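Starting off with a structure, shown below.
The values are calculated or read from the model by the stated rules, or taken from the named source; none is laboratory data. Here the structure is a predicted model, which is why all the values come from computation and not from measurement. As a convention, Cβ positions derive from the backbone with ideal geometry for all residues, glycine included, and neighbour counts pool all protein chains shown.
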Amino acid sequence: MIQLRIKDESELYNHFDPTGTRINDDVYRYLKTFSIEPEFRQNPRNTLRIISDGPVDLEKFQKLLQNAVKRDLDEFDAQITRNNRRVIWEFITGIALSAIGVLLTVALDQVLLAIISFIGSMAIRDAITTLTKVNHDIKYLRKLLVPFTDLTLEVVRNVE
């Protein structure tokens, strides 16, 4: 269970947004810190308890939280798509330069051949690194946010 202590519902929303339709960055950052905790990831029915001095519109906050998570998930997906496009071009460039290097072995200087082969090899290495490491890390970060899409919310009024 995640607990969030606020004095007023307005603390949940970005104070720069006059429409009140964006979640407060500090609140969102605080909630995301729980995504790395093993018990949060293992429990499919996590609960966010908002302890407040006043009333809170749970439906509005849940919708805005889901929108914030969706924006992050969409950005992760877009980054993976951009990376995959870059990988294709790196493979094409690497293979082409390596092939040119092999074809020019007979006709050109060995130094130029070494440079062409090196650049081709580096492009292929970058493509493999992106596929195996960078996209993997982005998918892991994306997976950490998924539990927030169906987080159960409850409000507890602080009575002093």
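Does at least one position in the stretch 24-47 carry a residue that is surrounded by 13 or more Cβ atoms within 10 Å (Cβ to Cβ) and in contact with a His (Cβ under 8 Å, 6 or more places away or on another chain)?
Taking every residue of the stretch 24-47 in turn, at least one turns out to be surrounded by 13 or more Cβ atoms within 10 Å (Cβ to Cβ) and in contact with a His (Cβ under 8 Å, 6 or more places away or on another chain).
While we're looking at this one, here's another question. Looking at (1) surrounded by 15 or more Cβ atoms within 10 Å (Cβ to Cβ); (2) in contact with a Lys or Arg (Cβ under 6 Å, 6 or more places away or on another chain), find the lone condition where Asp53 falls short.
(1)
So, in the stretch 10-62, how many residues would count as being among the aromatic types (Phe, Trp, Tyr), under 19 Å from the mean Cα position of the chain (by Cα) and at pLDDT 85 or above? Walk me through how you get there before you give the answer.
Within the stretch 10-62, the first condition is being among the aromatic types (Phe, Trp, Tyr), and the residues that meet it are 13, 16, 28, 30, 34, 40, 61.
Still in the running and under 19 Å from the mean Cα position of the chain (by Cα): 28, 30, 34, 40.
Still in the list and also at pLDDT 85 or above: 28, 30.
Matching residues across the stretch 10-62 total 2.
When both residues are 6+ apart or on different chains and their Cβ atoms are under 6 Å apart, which pairs have a first residue that lies in the stretch 84-96 and is touching a residue at least 24 places away in the same chain (Cβ under 8 Å), and a second that is in a helix (DSSP H, G or I) and small (Gly, Ala, Ser)?
Val87/Ala127; Glu90/Ala123; Glu90/Ala127; Phe91/Ala127; Thr93/Ala123; Gly94/Gly120; Gly94/Ala123
Continuing with this model, one more query. Only residues that are free of Cβ contacts under 8 Å to residues at least 40 places away in the same chain and over 30 Å from Phe34 (Cβ atoms): list them for the stretch 119-160, please.
Listed by number, the residues that qualify are Ile119, Gly120, Ser121, Met122, Ala123, Ile124, Arg125, Asp126, Ile128, Thr129.
Report whether or not Leu113 is farther than 30 Å from Asn24 by Cα, modelled with pLDDT under 80, touching a Gly at 6+ places or on another chain (Cβ under 9 Å) and part of a helix (DSSP H, G or I). Break it down stepwise before answering.
Values: farther than 30 Å from Asn24 by Cα: yes; modelled with pLDDT under 80: yes; touching a Gly at 6+ places or on another chain (Cβ under 9 Å): yes; part of a helix (DSSP H, G or I): yes.
Yes; evaluated as a whole, the condition is true for this residue.
If you go through the stretch 119-152 one residue at a time, how many are surrounded by fewer than 17 Cβ atoms within 10 Å (Cβ to Cβ) and outside any helix (DSSP H, G or I)?
1
Return yes when Ile80 is hydrophobic (A, V, I, L, M, F, W, C) and in contact with a Lys or Arg (Cβ under 9 Å, 6 or more places away or on another chain) and no when it is not.
On the way: hydrophobic (A, V, I, L, M, F, W, C): yes; in contact with a Lys or Arg (Cβ under 9 Å, 6 or more places away or on another chain): yes.
Yes: the conditions hold for Ile80.
Can you tell me which residue among Ile88, Ile116, Ile95, Ile80 is touching a helix residue (DSSP H, G or I) at 6+ places or on another chain (Cβ under 9 Å) and loosely packed, with under 13 Cβ neighbours inside 10 Å? Can you show your working first?
Details: Ile116 fails: loosely packed, with under 13 Cβ neighbours inside 10 Å; Ile95 fails: loosely packed, with under 13 Cβ neighbours inside 10 Å; Ile80 fails: loosely packed, with under 13 Cβ neighbours inside 10 Å.
From the options Ile88, Ile116, Ile95, Ile80, the qualifying one is Ile88.
Shifting gears a bit: If the requirement is being out of contact with any Phe, Trp or Tyr (no Cβ under 7 Å at 6 or more places or on another chain), among the hydrophobic types (A, V, I, L, M, F, W, C), at negative phi and not in a loop (DSSP other than H, G, I, E, B), which of these qualifies: Val69, Val56, Val87?
Numbers: Val69 fails: out of contact with any Phe, Trp or Tyr (no Cβ under 7 Å at 6 or more places or on another chain); Val56 fails: not in a loop (DSSP other than H, G, I, E, B).
It is Val87.
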